[in-house]
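Input: a single structure, listed below in structure tokens.
The values are calculated or read from the model by the stated rules, or taken from the named source; none is laboratory data. Note that the structure is a prediction, hence the values are computed from the model and not measured. With ideal geometry, Cβ positions are generated from the backbone for all residues, glycine too; neighbour counts draw on all protein chains shown.
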Amino acid sequence: MDLLFFGMCLLALAALLGRQRRGPSLAFGSVDAIVPAYNEAPCIERSLLDLLRNPYVRRVICVDDGSTDGTAAVLARMAAQWRGRLLVVSQRNTGKGGALMAGLAHATAPQVFLTDADTRVPPDRAGLGYLLAEIEDGADAVGGVPSSNLEGAGLLPCIRATVKLPMIVIRRTCQQVFGGAPFIVSGACGMFRTDVLRRHGFSDRTRVEDLDLTWTLVAHGCKVRQANRCIVYPQECNTLREEWRRWRRWIVGYAVCMRLHRRLLPTRFGLVCIMPMLLVVLVGVAVYALHWTSLATAHGPLRGLALAFFPWVWVVAVSGLGTISAVHHRRPVLVPLASLAVVYVLLAYAIWVVHGLKGLVTGREPARDKPTRYAHVVD
């Protein structure tokens with residue numbers, strides 16, 4: 001298992017080095033950005049300003065999906081300041097998929113960039129240019145890397161950030177190489193050909209509309225790619241309760257998508273990108289249980305628990321990933337926090353056992369929960 005992980009790291013590194021030679025597109029002002037918004041008053045202004053100042057963005061289309069807080073007032077003020085550049089579409093609440101399709105109806109650019117209202121897209125970097133370069137090279141959809149916005153964040157987001165960025169890059173690069181496409185084009189960072197998105201579109205039949213769309217595109221033979229040099233920064237949850245609800249939505253949504261897209265499962269994409277996610281959980285739960293039982297017998301329950309969850313191989317591996325994240329975020333504290341990322345492994349395993357397997361059998365999902373937003377810290 002350890003050799004497999006390090007092999008994946010080397011493969012991802014080789015693939016990244018091979019793609020470094022491709023520069024960003026120079027087609028400035030050729031993208032419409034679509035942002036769905038529901039009760040995003042604390043953070044939406046800063047996110048939209050980043051997009052409005054991005055040289056690749058022709059126009060920003062923000063869909064107020066029936067917000068009940070101060071979102072509408074913020075958008076009205078910004079629309080007056082950015083006439084011609086910011087279009088605000090107001091509607092009753094339909095869900096994220098419906099909001100995205102409402103925004104798409106107003107898009108005029110040949111490609112659209114989709115992101116979330118809590119996500120920062122640095123305007124002074126060429127991230128969107130790397131997505132656009134893949135579109136120009138024949139891709140129908142391209143995903144970037146949703147990292148973590150640590151401005152104003154607490155302890156949990158920092159723990160999450162220790163391994164999130166490098167693990168997404170490693171996994172999705174390997175999925176692209178072996179499975180033909182990344183597992184998902186994230187709703188926080190994805191670019192699509194406008195005509196392709198209109199043809200296939202989003203639906204609200206699941207709570208993970210971005211995963212559902214990605215698998216739909218793969219099933220229809222569309223070219224879906226990953227661009228790791230486009231990194232954006234969505235907010236993370238600050239409490240375990242909100243994390244549980246968010247991961248529950250993701251995991252149960254993934255299980256439901258397996259039912260909806262069962263014809264994909266025996267394909268190259270299914271065997272490489274879809275099935276391993278479930279198999280790792282099933283094997284992981286069994287291994288952790290057996291390993292802890294044997295260690296508890298030999299060393300006692302508490303020491304056995306520590307040895308089971310913090311073996312030296314885990315500590316070394318995640319410390320390496322934490323170092324990468326610490327350099328990227330310029331936060332040295334992420335290195336010693338990296339070992340605590342096991343919390344998220346256990347969280348995922350627990351949710352799979354409690355909710356995921358039930359969703360896989362029944363096809364039912366819990367209601368969508370809204371994480372608490374916090375204001376971006378002004379630079």
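Summary table below
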item: The range 355-379 - residue that is at pLDDT 85 or above and assigned to a loop (DSSP other than H, G, I, E, B) and, of those, nearest to the chain's Cα centre (by Cα); result: Glu365
item: Residue match in the range 177-184 (condition: under 24 Å from Ala37 (Cα atoms) and in contact (Cβ under 8 Å) with a residue 12 or more places away in the chain); result: yes
item: Cβ-Cβ under 9 Å pairs, at least 6 apart or on other chains, the range 66-87 side on the phi > 0 side of the Ramachandran plot, far side part of a helix (DSSP H, G or I) and surrounded by 13 or more Cβ atoms within 10 Å (Cβ to Cβ); result: Gly66/Ala99
item: Complete set of residues in the range 89-125 that are more than 19 Å from the chain's Cα centre (by Cα), surrounded by fewer than 23 Cβ atoms within 10 Å (Cβ to Cβ), of a type outside the set (Gly, Ala, Ser) and not in a loop (DSSP other than H, G, I, E, B); result: Val89, Gln91, Met101, Leu104
item: Residue ID - surrounded by the fewest Cβ atoms within 10 Å (Cβ to Cβ), chosen from residues in the range 327-357 that are of a type outside the set (Val, Ile, Thr) and free of Cβ contacts under 8 Å to residues at least 24 places away in the same chain; result: Arg330
item: Filter pass, Val285 being closer than 30 Å to Pro42 by Cα and either in contact with a helix residue (DSSP H, G or I) (Cβ under 8 Å, 6 or more places away or on another chain) or crowded, with 20+ Cβ neighbours inside 10 Å (or both); result: no
item: Criterion violated by Trp352 - all others in (1) outside any helix (DSSP H, G or I); (2) at pLDDT 90 or above; (3) of a type in the set (Phe, Trp, Tyr) satisfied; result: (1)
item: Top-ranked residue in the range 146-180 [being touching a strand residue (DSSP E or B) at 6+ places or on another chain (Cβ under 6 Å) and more than 12 Å from Ser325 (Cβ to Cβ); ranked as surrounded by the most Cβ atoms within 10 Å (Cβ to Cβ)]; result: Arg172
item: Those residues of the range 59-88 which are crowded, with 20+ Cβ neighbours inside 10 Å and among the basic types (Lys, Arg), in sequence order; result: Arg59
item: Entirely in the range 141-222, the helices (runs of 4 or more DSSP H) that have 2 or more residues that are under 21 Å from Gly98 (Cα atoms); result: 194-200, 209-219
